Amino acid sequence: MEAAGRALCARDPFNPLITTSTQAAGILVISHCFHLFLKQFGQPGPVAQILAGIVLGPSLLSRITKVNQFFIQSSTEDYYKVLRFIFRTIFMFLLGLEMDIPYMRRNLRKASIIASGGLIIGVLFGIVAFISLIILLRIKASFDYASFIIIVLANSASPVVFRLAAELKFLTSDTGRLAVCASLISEMSCVLLGSIVHSASWEYFGKGILLLLLTIALIVVNKYLAFWCNQRTRNQKYVTHAEFLVFLSLLLTAALVIEKYGYLSTASSFLFGLMFPREGKTTRSLLHKLSYATYNFILPVYFGCIGFQFDVSYMGSFNSFIMVIMMTFMSIASKIIGTLFACHYLKIPTDEGIVLGFLLDLKGNAEFHIMRNLPEDTLNPMDQENVENLVVSVVVMNTVIAGVVVAHILRKKEEYFSHSHTSLELGEHESELRMLACVYGSRHISSKIGLISAFSESLKTPVTAYLMHLVELPKKRTKKNLMYHQLQDGDQYSDEEDYGGNDVVEINDAVDAYTMETKVLIRQRKVVSSFERMYEDVCDSIEDLRVSIIFLTFHKRQRLDGKMESGKAGMRTTNHKILRHAPCSVGIFVDRGQTGFQQPSSQSVQNIAALFFGGSDDREALACCKMISNHPHIHLTLIHFQLSPSSSQTGYNNGTPHRDDELLMDMSSHEIEAEIDRAVVQDFYNRYVTPGQVGYVEKHVENGTQTAEALRDIHDTFSLLIVGKGGRGHSPMTAGMSDWEECPELGTVGDLLASSELNTNSSVLVIQQYRHSRNDLN
């Protein structure tokens, strides 16, 4: 056999390794050129990559004899087989590792119904397609062949769905996550069906049980091995290369054993990632080292290879052309019809149902493996080649059509599918609250984790928390004069890893400790940019992550003597720009260190006060307080500032002369705001104060001087004071307070609470409600 293999390789004019590498490089270059052109029309990367494969394959360039001899050789199939196995194993593991488990658990029923709709109609259409193939192509009928055709029509390729949703910037939306969950259920069902058909004998069934036990055993081993690595590398950003290779070797070895016995390792690879521990340096290292390679090399080459297999000459005969068109139409129709029926039952809008249907129609993963593992006696060689060409043609056409249609729908219905800019006051967030906490360094991490804890452990609805490390990009950077092998683990992958210094390790350790203690997952991000452009990256992340509120860090910090001193000027500039441009509500947190707000716990019960003067920002702050009022270790008090009866008799006047109609209109607007304030406070009082869940205090003041005195009286009673930034108009209660205002981004009240003159030990959280107009930030 070895001699025959060497003889076979000797007959090839080129080294197969060189051929395979050149093909991958060609796909990457051509797909990049296509993507530069197609992204202007909103088309995703997978479409460009498949088109690059078509251009390089036998449909175009490989029709040239010299090119064909170079790329299409008898021995290259073995290399392609190994690459496909490695690529499929890695990206299914990574898909499991990045899976949003809480969302999947909450929406398992909904995703299962949607997947079942497409599967049932796909099975019915698959039976029709199988009969048509027998008639038109005169292919021998068999049970294995029939089940394969059914799988082709019923299957959804989850990696393709995941990547397409990520490319089109709606992976974090409910529609995108639901599509990924439904495609996983659909694909795993088809893999299970293929395994059942394959293991019709007791011998194969016994092997299947043993392989299932192997999968469970490796999941347990990974759990303990990850814990050991986390403990071993306490002072490092990532685990070492050797430890990383151990995990990768275990994954590939287990997948190889599974496929050696004729089963598809897709489900096992996904389970390895899904059940992998989420906290610690091990998971962070795997995500860091696998994500870049997968999204920039593995998946583009994988999609390109699908297009490379497509041969347009196969559609030259009338019967073949009819079968490709018919199966493509049946595949699209089965998914659209089944998904729309399921969405109608679940009361999901039709537009979302159509997008889900086209996404679930994406192919290109399990079909190829099942096709290549059909029993040899199922079809004769000629029929086998016809079926392979048919399946490749259907997969390519489905993926290209679905990608183009979904991109068109999302562009046409951009307002519907984009991030909905809703304030916390207006949105009840019954399904999910998504929040983003930003830190400039490790000194800010404890307070931000405390805020995340206050929200995530109070709400009955799920909370998705993100932590973003904002790192300044220095204008000049000195390069290390070190060889590659002299660099520390992790420094070889990205220049950004040098930024952040020891803060990165301390932030990671704090997040890991919190996750280990509470099992609440905090998803970490890093932005490395100049302060002038940092706000753009933050606002883009808000859009991509669909965040409802963002918490920033005040640019001043407290010294040991209690005075506030300014940090980097760029921090304040960034905060200003984010306040103006952020597509969500914004909170600025003034940290008082150990004397201020800490993570709520049984040993550290936090007394928090909400200061309500009136206006849109104060209502937003009160909406935040509702979300933390249920925390068992938080005592919340609402302090309602009101005008004294003598002052309230005077008319509303901001000191500027108006015409009578302008004054009436202004007063009407003021009265409407006052009525909304009264309704919000009354609702809060009835729901939280009356049952004794929240304390309530009223303070009557006449002017800004009395307000300042009242704030001085309460400043040390609470660990955290929550107040709105502005939106009160020219209220008499704050009149004159802006005369000594130092930080207008905090508003009049927030500026006083954060100043050194007040000499308070309380932390301060200033909330600005999202508004479409950012012209007035005072």
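What to note about this one:
- Here the Karplus curve 6.51 cos²θ - 1.76 cosθ + 1.60, taken at θ = phi - 60°, turns the phi angles of the stretch 339-356 into couplings of 5, 5, 4, 5, 5, 4, 5, 8, 6, 8, x, 4, 4, 5, x, 5, 4, 4 Hz, with x standing for Gly and Pro.
- Remark: the Cα gyration tensor places the stretch 563-637 in the oblate category, a/c being 1.5 or greater and a/b not exceeding b/c.
- The stretch 242-258 - phi-based ³J(HN,Hα) in whole Hz, Karplus 6.51/-1.76/1.60, Gly and Pro as x: 4, 5, 4, 5, 4, 5, 5, 5, 4, 4, 5, 5, 4, 5, 5, 4, 4
- The chain - percent relative contact order, Cα under 8 Å, separation 6 or more: 13
- Accessible area of the stretch 678-746 belonging to carbon and sulfur atoms, whole % at 1.4 Å probe: 47
- Residues whose amide H comes within less than 5 Å of that of residue 363, counting only those at least five positions distant or on another chain, are 157, 399 (H built at 1.01 Å from N in the peptide plane).
- Length, then width, then depth: along the principal axes, the Cα atoms of the stretch 391-468 run 55, 32, 23 Å.
- Residues whose amide H falls under 5 Å from that of residue 468, counting only those 5 or more places apart or on a different chain, are 437, 438, 439, 525, with hydrogens built in the peptide plane.
- Per-residue [θ]222 nm for the chain (sum of -39500 (n - 2.57) over DSSP H runs n ≥ 4, rounded to 500): -18500 deg cm²/dmol
- Helix 704-714 axis, angle to the chain major axis (alpha carbon atoms, nearest 10°): 70
- Derived scalar couplings ³J(HN,Hα) [the stretch 273-278; Karplus, 6.51 cos²θ - 1.76 cosθ + 1.60; whole Hz; x for Gly, Pro]: x, 5, 8, 6, x, 8
- The H on the amide N of residue 587, modeled in the peptide plane, is under 5 Å from the matching H of 550, 551, 552, 768, each at least 5 residues off or on a different chain.
- Prolate/oblate/rounded label for the stretch 141-276 (Cα gyration tensor, a/c 1.5): oblate
- Each Cα pair of the chain feeds into the Kirkwood radius, which the Stokes-Einstein equation turns, at 37 °C and 0.692 mPa s, into a diffusion coefficient of 112 µm²/s.
- Probe 1.4 Å, all protein chains present, accessible-area order of 631, 576, largest first: 576, 631
- Cβ-Cβ FRET estimate between residue 344 and residue 236, R0 fixed at 56 Å, reported to 0.05: 0.60
- Between residue 220 and residue 418, the contour length at 0.36 nm per residue exceeds the Cα-Cα span by 67.3 nm.
- Probe 1.4 Å - accessible area at residue 537, Å² to nearest ten: 60
- Sites residue 84 and residue 678 - FRET efficiency at Förster radius 60 Å, r taken between beta-carbons, to 0.05: 0.35
- Set of lysines near residue 39 by C-alpha distance (under 16 Å), chain-local residues within fewer than 8 positions excluded: 169, 412
- Dimensionless Rg/Rh of the stretch 231-357 - Kirkwood Rh, Rg from C-alpha atoms: 1.12
- Between residue 473 and residue 524, the contour length at 0.36 nm per residue exceeds the alpha carbon distance by 16.5 nm.
- Accessible area per residue for the chain, computed on protein heavy atoms with a 1.4 Å probe, is 45 Å².
- Remark: spin-label model distance residue 143-residue 296 equals 5.0 nm, labels positioned 7 Å along the Cα→Cβ axis.
- For the chain, the longest principal axis of the alpha carbon atoms and the long axis of helix 76-98 meet at an angle near 20°.
- Label-to-label distance for residue 67 and residue 730 is 7.4 nm, based on points extended 7 Å past Cα in the beta-carbon direction.
- Alpha-carbon gyration tensor eigenvalues x 5, square-rooted, for the stretch 200-270, Å: 31, 12, 7
- Directionally averaged shadow of the stretch 493-605, computed from the convex hull of its alpha-carbon atoms, nm²: 9.1
The values are calculated or read from the model by the stated rules, or taken from the named source; none is laboratory data. Computed from a prediction, not measured in an experiment: that's the story for all the values here. So basically every Cβ, Gly included, is an ideal-geometry build from the backbone, and we count neighbours across all protein chains shown. These accessible areas exclude ligands, DNA and RNA; they are computed on the full protein's heavy atoms, side chains included. Shrake-Rupley method; radii C 1.70, N 1.55, O 1.52, S 1.80 Å.
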